[in-house]
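**Student:** Here's a structure for you.
The values are calculated or read from the model by the stated rules, or taken from the named source; none is laboratory data. All of these numbers come straight from a predicted model, not from anything done at the bench. Note: ideal-geometry Cβ built from the backbone for every residue, glycine included; neighbour counts use all protein chains shown.
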Amino acid sequence: MPNNAFVLQSDIERQTGFGIEQLRKWRQRFGFPPAQHDLGGRAIYSRDSVNRLMVIKRLLEAGLRPGQVVAKTEVENLKMAADLNLFKPHVDRSDSTNALISLLGYSDSEGFKALLRKQRAKRTMLDFVQNTITPLMLGIGDAWLSGEIDVYHEHICSSMIERYLIAETLKSKPKLSYPVFLFALPPGERHELGLLMVEAVMAEAGAYIVNVGTDIPINCLKLAAIEYKADVVAITFSFAYPSRDVAPTLAHLRRLLPQSVLIWAGGAGVSQVKRAPKGVRIISHFGEAITALGELVRAGQAQPSV
């Protein structure tokens, strides 16, 4: 990527996955990333800062905490990534993952979508997200770090997969008397891919799906859950969500919702929660969500779909 380019503050979240408020707190605490201003007074970030933020993203995804990463120098970040093999190309990448990445590199969107449909054919959605989508997104990160693709390829990949999952979810028909699920992302959270993956899995399994969207105020979630007679409110937290805010957000939502409405939480962000608030179920993987759905159906807790 060219080092003489700059990214506007309004675009930084799309480029890196980190919110403006989070970057501001890091800048106050760790002195990074430095903000500059263009001639019009708009805040901008150097391409070097964006590149380093992408490395930080990989380190956080690997389980490190911001204090262990952002406080370090760029050289130390790169060494940490190398020690964790985050720069090693083709780590556990299947032939299908490499083929999809290659199509992205050649800007062959139609070929990418065709291969994605082929991978989905005659497979359950659970199998598809576990063995095609998840490995692909990990492979995309490795491909970027090894210089095979640019950051915009990653965004294009995510966009095409999100559109595909939405289309597949809309094809599914809920089963009679199966649970009503209200899917949403909490305030400040905009990373939707993980939510759409579990949503597609649950839809194929027979759940009735209502997607409220991203960055939803907690009180709005309460109103939507009551209005749609939701059996379960399901929300996800990405790696970029402030870990200290996950448990309080879930506890707040639990206080607002009727006890009859279950709360499920998943995503990389919940891995830092040592103890889930009472009345909140942490879902650690897609298969567990299917198991939990079966438990609901057998227990007869679901309301008829509306």
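**Student:** What is the residue count in the range 184-212 for residues that are over 13 Å from the mean Cα position of the chain (by Cα), outside any loop (DSSP other than H, G, I, E, B) and within 30 Å of Arg24 (Cβ to Cβ)? Please lay out each step first, then the result.
**Tutor:** Step one: filter the range 184-212 for residues over 13 Å from the mean Cα position of the chain (by Cα), giving 187, 200-212.
Adding the requirement that they be outside any loop (DSSP other than H, G, I, E, B) leaves 200-204, 208-212.
Now restrict to residues that are within 30 Å of Arg24 (Cβ to Cβ): 211-212.
Number satisfying all stated conditions: 2.
Residue-wise test of (1) modelled with pLDDT under 90; (2) farther than 25 Å from Ser243 by Cβ; (3) in contact with an Asp or Glu (Cβ under 6 Å, 6 or more places away or on another chain); (4) in a loop (DSSP other than H, G, I, E, B).
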{"site": "Lys122", "(1), (2), (3), (4)": "yes, yes, no, yes"}
{"site": "Leu136", "(1), (2), (3), (4)": "no, yes, no, no"}
{"site": "Gly139", "(1), (2), (3), (4)": "yes, yes, no, no"}
{"site": "Ile156", "(1), (2), (3), (4)": "no, yes, no, no"}
{"site": "Lys173", "(1), (2), (3), (4)": "no, yes, no, yes"}
{"site": "Tyr178", "(1), (2), (3), (4)": "no, yes, no, yes"}
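**Student:** Only residues that are over 14 Å from Asn219 (Cβ atoms) and either of a type in the set (Lys, Arg) or not in a loop (DSSP other than H, G, I, E, B) (or both): list them for the range 248-261, please.
**Tutor:** Pro248, Leu250, Ala251
**Student:** Given the criteria in a helix (DSSP H, G or I) and within 22 Å of the chain's Cα centre (by Cα), does Gln22 qualify?
**Tutor:** Against the criterion (in a helix (DSSP H, G or I) and within 22 Å of the chain's Cα centre (by Cα)), Gln22 qualifies.
**Student:** Let me ask something else. Could you tell me which residue of the range 137-156 is farthest from Leu78 (Cα to Cα), considering only residues that are free of Cβ contacts under 8 Å to residues at least 40 places away in the same chain and crowded, with 18+ Cβ neighbours inside 10 Å?
**Tutor:** Taking the candidates together, the pick is Glu154.
To keep it simple, each residue is scored yes or no on (1) part of a strand (DSSP E or B); (2) in contact (Cβ under 8 Å) with a residue 60 or more places away in the chain.
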site	(1), (2)
Leu223	no, no
Ile226	no, no
Ser238	no, yes
Val246	no, no
Ile263	yes, no
Arg281	yes, no
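**Student:** Let me ask something additional. Out of (1) modelled with pLDDT under 80; (2) under 25 Å from Arg190 (Cα atoms); (3) assigned to a helix (DSSP H, G or I), the odd one out for Val50 is which?
**Tutor:** So Val50 meets the others, but not (1).
**Student:** Just one of Val50, Val7, Val55 is in contact with a strand residue (DSSP E or B) (Cβ under 8 Å, 6 or more places away or on another chain) and touching a residue at least 60 places away in the same chain (Cβ under 8 Å); which is it?
**Tutor:** Val50
**Student:** Still on this structure: Anything in the range 215-255 that is among the charged types (D, E, K, R) and within 29 Å of Pro66 (Cα to Cα)? List them, or say none.
**Tutor:** Asp215, Arg244, Asp245, Arg254
**Student:** Has the range 198-210 got any residue that is modelled with pLDDT of 95 or more, touching a strand residue (DSSP E or B) at 6+ places or on another chain (Cβ under 6 Å), within 30 Å of Gly105 (Cβ to Cβ) and crowded, with 20+ Cβ neighbours inside 10 Å?
**Tutor:** yes
**Student:** Okay, next question. Let me spell it out: the conditions are (1) within 30 Å of Leu23 (Cβ to Cβ); (2) surrounded by 14 or more Cβ atoms within 10 Å (Cβ to Cβ); (3) under 20 Å from the mean Cα position of the chain (by Cα), and Asn77 meets all of them except one. Which number is the exception?
**Tutor:** Of (1) within 30 Å of Leu23 (Cβ to Cβ); (2) surrounded by 14 or more Cβ atoms within 10 Å (Cβ to Cβ); (3) under 20 Å from the mean Cα position of the chain (by Cα), only one is false for Asn77: (3).
**Student:** For the range 253-272, name all the residues that are surrounded by fewer than 17 Cβ atoms within 10 Å (Cβ to Cβ) and touching a Leu at 6+ places or on another chain (Cβ under 9 Å).
**Tutor:** Residue satisfying the conditions is Leu256 alone.
**Student:** A further question on this structure: Check the range 181-193 and report whether any residue there is in the same structural domain as Ala240 (by TED's automatic domain parsing) and on the phi > 0 side of the Ramachandran plot.
**Tutor:** Scanning the range 181-193 turns up at least one residue that is in the same structural domain as Ala240 (by TED's automatic domain parsing) and on the phi > 0 side of the Ramachandran plot.
**Student:** I'd like the residue in the range 25-47 that is modelled with pLDDT of 85 or more and either assigned to a helix (DSSP H, G or I) or among the polar types (S, T, N, Q) (or both) and, out of all such residues, is surrounded by the fewest Cβ atoms within 10 Å (Cβ to Cβ). Don't jump to the end; show me each part of the working.
**Tutor:** From the range 25-47, those modelled with pLDDT of 85 or more are 25-34; that's our starting set.
Now narrow it down to the ones that are either assigned to a helix (DSSP H, G or I) or among the polar types (S, T, N, Q) (or both): 25-30.
Values: Lys25: 14, Trp26: 20, Arg27: 14, Gln28: 8, Arg29: 12, Phe30: 14.
Among them, the one singled out is Gln28.
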